[in-house]
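Everything below concerns the one structure shown next.
The values are calculated or read from the model by the stated rules, or taken from the named source; none is laboratory data. Just so it is clear, the model here is predicted, and its values are computed rather than measured. All Cβ positions, glycine included, derive from the backbone under ideal geometry; neighbour counts span all protein chains shown.
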Amino acid sequence: MPVSHPPRHHSNRGPSASRGGFILCPCHPGAEAALAGRQAEVLPAFLRAAWRRGLATFRIGPETFDPPDDFWPDLVFAHTVVRSLGQVTGPTVSDLAAKAADTVAGCTWDAVHVWRRDERVDAPVADIRLAVSAACGVAVGTDQVTRSGDLVLDCVLDSPDRWWIGWHRAGAPASRWPGGVYPRGVPEAAVSRAWLKLDEAIASFGVTLEPGQRALELGAAPGGACQRLLEAGLHVVGVDAAAVDASVLADARFEQWRMRAREVPLRRFRGFDWLLADMNIDPTSTMAALGRLLEAGTCLPRGVIATLKLPEWSRGSELPGWLDAFRAWGYEPRARQLSTGGRELCVVALSAARRRPSPVRRATRSPGA
Ligand SMILES: C[S@@+](CC[C@H](N)C(=O)[O-])C[C@H]1O[C@@H](n2cnc3c(N)ncnc32)[C@H](O)[C@@H]1O
């Protein structure tokens with residue numbers, strides 16, 4: 001991959017003020033083809049370049065258009081987007097850090113993001129961050145999460161002796177996290193990893209949950225996502241034939257409807273502000289379950305947060321049809337393959353029609369619960 005040289009002065013627009021070159025898109029290992037499919041659909045002027053497990057790169061012609069500096073939500077499978085300045089190779093961290101500093105000489109950075117394209121790459125991320133920051137004269141903060149507006153030097157570890165150097169301007173939440181990977185872990189008390197996925201969805205899409213709102217989740221057991229909703233002060237109904245953890249059941253603001261999604265009586269689907277779905281079934285079945293509730297007209301929640309499990313990554317090509325269905329239900333959908341998620345897509349869809357906060361209401365107990 002040819003090296004594009006940054007200008008010798010600090011530029012408010014970022015080092016690649018001359019546009020064009022390559023972009024680096026980190027993604028879930030295995031999602032590279034799905035990402036390329038998405039790129040062909042939404043950014044057809046880009047050309048596919050080098051691919052590695054967990055990283056796809058594309059050539060952007062200077063003649064095409066002037067892309068934004070941080071993140072292309074339409075790429076969906078890209079955790080974030082970085083402009084490439086080229087590669088450096090060398091035998092040691094200090095040698096590589098010196099070459100990285102040479103590549104960006106004359107530029108002033110607010111932060112350095114160091115990340116591995118794949119967790120199998122055996123490289124000391126924390127040490128490399130210190131070495132690159134020192135070589136490039138960047139103060140090292142306590143964590144790698146940057147502020148919106150920061151100019152970020154990216155150091156992508158391709159292998160222990162080869163790094164890609166790039167940059168981006170932090171803006172969208174995911175562009176503030178190194179490699180677009182959500183920096184939090186699963187709390188000890190969480191009963192499932194779904195707690196973290198929902199936490200990332202909330203952060204990544206800027207979802208505002210208000211205490212006193214009501215949520216219903218299809219596919220709720222064992223209850224991690226419901227825990228996250230309860231922590232936000234919501235009243236929660238979890239729909240699942242499987243058992244919900246006792247710690248979640250013990251919360252007075254939680255109730256379980258122990259049934260399948262298709263068994264939820266439509267007359268009981270009333271007064272919910274949020275509808276969530278996280279069922280381990282085919283995505284068309286999840287869409288049908290959502291459609292059954294949303295088309296009934298008994299309740300139009302202000303937002304839907306849905307996990308669409310992909311039996312194969314190639315099923316991601318059906319996303320445009322799913323997004324159209326959300327639009328037909330009266331929602332504005334956005335989709336993202338969450339960095340903490342598996343082979344699945346997260347769709348967050350907000351209704352423009354319902355923006356008023358709801359009064360505090362108490363979830364009613366189900367006779368069958
Ligand atoms: C990935 S787990 C959900 C994790 C859960 N959201 C959490 O926060 O812990 C998938 C769940 O979907 C449930 N499920 C599968 N098909 C379903 C259906 N038709 N209706 C309701 N739940 C279903 C399964 O019983 C299983 O508990």
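Tabulated data
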quantity	calculated
Residues of region 335-369 that turn out to be at pLDDT below 95 and outside any loop (DSSP other than H, G, I, E, B), as a count	1
Hits in region 31-58 (condition: in a strand (DSSP E or B) and more than 16 Å from THR80 (Cα to Cα))	LEU47, ARG48, ALA49, ALA50
Checklist (1) part of a strand (DSSP E or B); (2) at pLDDT 95 or above applied to ILE128, failing item	(1)
Residue within region 280-287 that is more than 30 Å from GLY30 (Cα to Cα) and either surrounded by 15 or more Cβ atoms within 10 Å (Cβ to Cβ) or within 16 Å of the ligand (Cβ to nearest atom) (or both) present	no
Residues within region 293-309 that are under 12 Å from ALA325 (Cα atoms) and part of a helix (DSSP H, G or I), tallied	1
Residue within region 118-136 that is surrounded by 15 or more Cβ atoms within 10 Å (Cβ to Cβ), β-branched (Val, Ile, Thr), within 25 Å of GLY206 (Cβ to Cβ) and touching a helix residue (DSSP H, G or I) at 6+ places or on another chain (Cβ under 6 Å) present	no
Answer residue from region 240-257, given it is more than 10 Å from the ligand (Cβ to nearest atom) and assigned to a helix (DSSP H, G or I) and is surrounded by the fewest Cβ atoms within 10 Å (Cβ to Cβ) among those	ALA246
Number of the exception - LYS197 against (1) within 11 Å of the ligand (Cβ to nearest atom); (2) assigned to a loop (DSSP other than H, G, I, E, B); (3) under 18 Å from the mean Cα position of the chain (by Cα)	(2)
Residue that is surrounded by the most Cβ atoms within 10 Å (Cβ to Cβ) [pool: residues in region 212-239 that are on the phi > 0 side of the Ramachandran plot and within 12 Å of the ligand (Cβ to nearest atom)]	GLY223
Residue count, region 297-312 (criterion: more than 16 Å from the ligand (Cβ to nearest atom) and either surrounded by fewer than 23 Cβ atoms within 10 Å (Cβ to Cβ) or modelled with pLDDT under 95 (or both))	7
Exclusive hit being surrounded by fewer than 21 Cβ atoms within 10 Å (Cβ to Cβ), closer than 17 Å to ILE281 by Cα, touching a Pro at 6+ places or on another chain (Cβ under 7 Å) and touching a residue at least 24 places away in the same chain (Cβ under 8 Å), set ARG315, ARG343	ARG315
Residue that is surrounded by the most Cβ atoms within 10 Å (Cβ to Cβ) [pool: residues in region 258-277 that are over 20 Å from ALA190 (Cβ atoms), near the ligand (Cβ under 9 Å from one of its atoms) and not acidic (Asp, Glu)]	ALA261
